[in-house]
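Have a look at the structure below, then the notes.
The values are calculated or read from the model by the stated rules, or taken from the named source; none is laboratory data. In this text the structure is predicted, and so the values were computed from the model without any measurement. Here the Cβ is made from the backbone with ideal geometry for all residues, glycine too, and neighbour counts use every protein chain on show.
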């Protein structure tokens, strides 16, 4: 049986109307897609090494997810747990928030701008929407996710909270756009991202290279199985799985608890 991610692969060189429509058709059929040709692998590997050179576990911070303003600045967030609260998803992951309105400390802003424009085109939005800051109460949460070697993971789930942002904003079908920044078999050996399709679980990153973009819509169940689970956990190490995202966020903390819970249904 062929990998479903290969069956849902689209190669593009420019983001013209025909390419966007082809990607949308693949998403409609499969609920996910892999897009190649938008980012050079060497560019993404170089970005990974720049992040590694600046990384220190001493910058890890916990934070109340309702305090969205904290994420409008460069912020290194460590998430361990997630078994309680609204829209909770158990996970162990480090996030480097690197918003476009703050200093480009990783040299990632040009890559993030391209990712934001791509996401906007998929939504049918103007290409520059949220490139300069907050618009219509929304902003682009440009960030890097690091799943550490020795147990980084995310439990299976569908994207309820961020899909709510799309629904509230009248954007139609939700999309999550993920830029692959690591290679299974090189940067980590076991575990990794998966999708559940027709009762089967597929680990697709063996078929992906740095620079590939994987897209989910709101229907697909997905997660990240423990990264190199039997290796020692060293929080000072940058080894493991790395991806970048540019999700549309909204300030949910302005709502009451009851309003917030109703959004998450």
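Taken over region 71-123, the residue count meeting the criterion of being farther than 18 Å from residue 246 by Cβ and out of contact with any strand residue (DSSP E or B) (no Cβ under 7 Å at 6 or more places or on another chain) is 7. Within region 84-105, the set of residues being closer than 21 Å to residue 58 by Cα, over 17 Å from the mean Cα position of the chain (by Cα) and in contact (Cβ under 8 Å) with a residue 24 or more places away in the chain comprises 102, 103, 105. Per the conditions (1) within 27 Å of residue 192 (Cα to Cα); (2) exposed (fewer than 14 other Cβ atoms within 10 Å of the Cβ); (3) more than 18 Å from the chain's Cα centre (by Cα), the sole criterion not satisfied by residue 80 is (3). Just one residue in the set 195, 215 is at pLDDT 95 or above and on the phi < 0 side of the Ramachandran plot; that residue is 215.
If you go through region 200-217 and pick out every residue that is farther than 19 Å from residue 154 by Cα and surrounded by fewer than 22 Cβ atoms within 10 Å (Cβ to Cβ), you end up with 3. Output yes when any residue across region 171-186 is surrounded by fewer than 21 Cβ atoms within 10 Å (Cβ to Cβ), more than 10 Å from residue 248 (Cβ to Cβ) and modelled with pLDDT under 95, and no when none is. Yes: region 171-186 contains one or more residues that are surrounded by fewer than 21 Cβ atoms within 10 Å (Cβ to Cβ), more than 10 Å from residue 248 (Cβ to Cβ) and modelled with pLDDT under 95.
Residue-by-condition table, conditions (1) surrounded by 12 or more Cβ atoms within 10 Å (Cβ to Cβ); (2) more than 20 Å from residue 125 (Cα to Cα); (3) touching a residue at least 40 places away in the same chain (Cβ under 8 Å):
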| position | (1), (2), (3) |
| --- | --- |
| 9 | yes, yes, no |
| 12 | yes, no, no |
| 17 | no, no, no |
| 22 | yes, no, no |
| 29 | no, yes, no |
| 33 | yes, no, yes |
| 38 | yes, no, yes |
| 44 | yes, yes, yes |
| 48 | yes, yes, yes |
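Residue 102 meets each of the listed conditions (1) closer than 19 Å to residue 45 by Cα; (2) in a loop (DSSP other than H, G, I, E, B) apart from (1). Restricting attention to region 133-154 and to residues that are modelled with pLDDT under 95 and out of contact with any helix residue (DSSP H, G or I) (no Cβ under 9 Å at 6 or more places or on another chain), the residue that is surrounded by the most Cβ atoms within 10 Å (Cβ to Cβ) turns out to be 135. Where strands (runs of 3 or more DSSP E) sit wholly within region 1-98, those with at least 2 residues that are at pLDDT 95 or above and over 18 Å from residue 145 (Cα atoms) occupy 9-11, 32-36.
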